[in-house]
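A short write-up of the structure that comes next.
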Amino acid sequence: SGFQGSMVISSSVPLASSSTIIGSDTAIMNYASYVGVSTGASSVYIPLLMDDNYGYNTYFSVQNTGTADVDVTIAYSDGLSASITDLAPGAAKIINNQSEAHTTKKFSATLTADGPIAVAVVEWADGSYGEELFAYNGFPSNQGTQNPVIPMVNQNNYGFWTSIPIQNLGTVDTTVTLTYYP
């Protein structure tokens, strides 16, 4: 009852996994999912976080994927920072952005750790704009690419739109070009 934590799955063969978050605080059921990762990284990027952005907020969970305790530094794009100390192997800590003093409603974060970590982000609405739930993984620095592919983009397709948050994982400014097909 009331469990809040993390999980490590082991197998003798390769696996693929995803986690589905189910929200049922109201009569409406809400679902969100993110993909299980095979390894952690010492740098992880989160391109979209929110603090009361038209009723939307985020929290994220940082899991230690290594074999020793890790310390994590969180640098937000709005200048705020946070940290996690002595996160045990396999353990996770949730950071609730709504309880922090952010200066903007939308922001990003870069997490650096002295060991490998994995991150999952949950975005939720408080109910005044609808009961909604979304989730995604943080992006390890070694998964950055100059040509990410977005296989599904909608623009008022039966009432659905696509948002594509983009975060610079490099150390210099860049120009980003978006090309839509067909």
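Considering only segment 92-146, how many residues are modelled with pLDDT of 85 or more, within 19 Å of Ser61 (Cα to Cα) and among the polar types (S, T, N, Q)?
Count: 8.
Gln63 is checked against (1) open to solvent by less than 30 Å² (accessible area, probe 1.4 Å); (2) within 15 Å of the chain's Cα centre (by Cα); (3) of a type outside the set (Val, Ile, Thr) and fails just one. What number does that condition carry?
Here Gln63 clears every test but (1).
Scan (1) open to solvent by 100 Å² or more (accessible area, probe 1.4 Å); (2) at pLDDT below 90 for the single condition Thr177 breaks and write down its number.
Checking Thr177 against (1) open to solvent by 100 Å² or more (accessible area, probe 1.4 Å); (2) at pLDDT below 90, the one that fails is (2).
What is the one condition in (1) open to solvent by 40 Å² or more (accessible area, probe 1.4 Å); (2) touching a strand residue (DSSP E or B) at 6+ places or on another chain (Cβ under 7 Å); (3) β-branched (Val, Ile, Thr) that Ile117 does not satisfy?
Condition (1) is where Ile117 drops out.
Residues in segment 134-159 that are open to solvent by less than 100 Å² (accessible area, probe 1.4 Å) and either assigned to a loop (DSSP other than H, G, I, E, B) or under 23 Å from Leu111 (Cα atoms) (or both): how many? Show your work before the answer.
In the first step, residues of segment 134-159 are kept if they are open to solvent by less than 100 Å² (accessible area, probe 1.4 Å); the result is 134-141, 144-145, 148, 150, 153-154, 156-157, 159.
With either assigned to a loop (DSSP other than H, G, I, E, B) or under 23 Å from Leu111 (Cα atoms) (or both) added as a condition, the list becomes 134-141, 144-145, 148, 150, 153-154, 159.
Here the count works out to 15.
For segment 160-180, which residues satisfy the criterion of being under 14 Å from Ser108 (Cα atoms) and touching a strand residue (DSSP E or B) at 6+ places or on another chain (Cβ under 7 Å)?
Pro165, Ile166, Gln167, Leu169 - these are the residues of segment 160-180 that are under 14 Å from Ser108 (Cα atoms) and touching a strand residue (DSSP E or B) at 6+ places or on another chain (Cβ under 7 Å).
Looking at segment 76-105 only, could you name the residues that are open to solvent by 40 Å² or more (accessible area, probe 1.4 Å), closer than 17 Å to Asn137 by Cα and of a type outside the set (S, T, N, Q)?
Once the filter is applied, which keeps residues that are open to solvent by 40 Å² or more (accessible area, probe 1.4 Å), closer than 17 Å to Asn137 by Cα and of a type outside the set (S, T, N, Q), segment 76-105 yields Lys93, Ile94.
Look through Val8, Val37, Val44 and report the one residue that is assigned to a strand (DSSP E or B) and either touching a residue at least 12 places away in the same chain (Cβ under 8 Å) or surrounded by 14 or more Cβ atoms within 10 Å (Cβ to Cβ) (or both).
Working: Val8 fails: assigned to a strand (DSSP E or B); Val37 fails: assigned to a strand (DSSP E or B).
So the residue among Val8, Val37, Val44 that is assigned to a strand (DSSP E or B) and either touching a residue at least 12 places away in the same chain (Cβ under 8 Å) or surrounded by 14 or more Cβ atoms within 10 Å (Cβ to Cβ) (or both) is Val44.
The values are calculated or read from the model by the stated rules, or taken from the named source; none is laboratory data. Source: prediction; values computed, not measured. As a convention, Cβ positions derive from the backbone with ideal geometry for all residues, glycine included, and neighbour counts pool all protein chains shown. Quick note on the areas: whole protein, heavy atoms, side chains included, nothing else; ligands and nucleic acids left out. Shrake-Rupley method; radii C 1.70, N 1.55, O 1.52, S 1.80 Å.
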